[in-house]
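See structure below.
The values are calculated or read from the model by the stated rules, or taken from the named source; none is laboratory data. Note that this is a predicted model, so its numbers are computed, not measured. All Cβ positions, even for glycine, are placed from backbone atoms using ideal geometry, and neighbour counts span all protein chains on display.
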């Protein structure tokens, strides 16, 4: 899919507008918990002892850079995103890696510029919802992620989730509507972006629905690790070996 087509998508402008305050807003709106969740995802990634890792929809590369920092040996890390302003912020942050390297690639997940069966691990941090929630391109995204993974490779997803406990679920709804939507819009100056964030998280799929979506698109071995009472989760699936 070409850049012109990607630019016509509703989220393209939103993510081009917010990168300057993106990181600090994440820290504020999650009270710093997003860092703990990413660390958990990185540990799962490094447990695979990978040679090549792809971080999809990397944004400002919090997840990709953490992989580079936590790895105890050199790894080929590629971070892709369709927003050049996001990648510009990511590249500036990467200058502090002290010799560790992340390759940044401007690319749409619907048309990844990588060979078949190339990566041992693919990761995505809090953007899987953008790829799959009421998104007509969801199947194309998942097909590309699957194509570029090696057989037996793992896809690790850090994402918001739906608490099952009724009290926690009510608290999560209030948090999204007040803390994320209202405060996020006020502090960032981009009310539309944080309204989308709150609404999509509020209505996103249950863990069972996420697992079904992934398995219907060719992945296997779905795993779900709830975080913070189920308001966030780490999901993982694998590309079949045959």
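Six or more apart or on different chains, Cβ atoms under 8 Å: show the pairs whose first residue is in the range 215-236 and without any contact (Cβ under 8 Å) to a residue 24 or more places away in the chain and on the phi < 0 side of the Ramachandran plot and whose second is part of a loop (DSSP other than H, G, I, E, B) and surrounded by fewer than 16 Cβ atoms within 10 Å (Cβ to Cβ).
220/240
I need the full set of residues from the range 76-107 which are in a loop (DSSP other than H, G, I, E, B) and modelled with pLDDT of 95 or more, in order please. Lay out the reasoning, then the answer.
Step one: of the range 76-107, the residues in a loop (DSSP other than H, G, I, E, B) are 82-83, 95-102, 107.
102, 107, listed by residue number.
Name, by its number, the condition in (1) at pLDDT below 85; (2) under 22 Å from residue 36 (Cα atoms); (3) under 17 Å from the mean Cα position of the chain (by Cα) that does not hold for residue 172.
Only one criterion is unmet by residue 172, namely (3).
Quick one: in the range 226-240, which of the residues that are over 15 Å from the mean Cα position of the chain (by Cα) and modelled with pLDDT of 95 or more is farthest from residue 174 (Cα to Cα)?
Residues of the range 226-240 that are over 15 Å from the mean Cα position of the chain (by Cα), as a first pass: 226-231, 238-240.
Filter again for modelled with pLDDT of 95 or more, leaving 238-240.
On the way: 238: 35, 239: 37, 240: 40 Å.
Filtering the range 226-240 for residues that are over 15 Å from the mean Cα position of the chain (by Cα) and modelled with pLDDT of 95 or more, the one farthest from residue 174 (Cα to Cα) comes out as 240.
Restricting attention to the range 48-75, report how many residues are part of a loop (DSSP other than H, G, I, E, B) and closer than 14 Å to residue 155 by Cβ. Full working, then the answer.
At the first step, the residues of the range 48-75 found to be part of a loop (DSSP other than H, G, I, E, B) are 48-51, 56-61, 71-75.
When the remaining residues are screened for being closer than 14 Å to residue 155 by Cβ, the result is 48, 50, 56-57.
So the count comes out to 4.
Just the residues that are over 13 Å from residue 82 (Cβ atoms) and outside any loop (DSSP other than H, G, I, E, B), please, taken from the range 125-139.
Across the range 125-139, the qualifying residues are 125, 128, 129, 132, 138, 139.
Would you call residue 151 farther than 29 Å from residue 195 by Cβ and either assigned to a strand (DSSP E or B) or touching a helix residue (DSSP H, G or I) at 6+ places or on another chain (Cβ under 7 Å) (or both)? Let's see the steps before the verdict.
Values: farther than 29 Å from residue 195 by Cβ: yes; either assigned to a strand (DSSP E or B) or touching a helix residue (DSSP H, G or I) at 6+ places or on another chain (Cβ under 7 Å) (or both): yes.
So residue 151 fits the description; yes.
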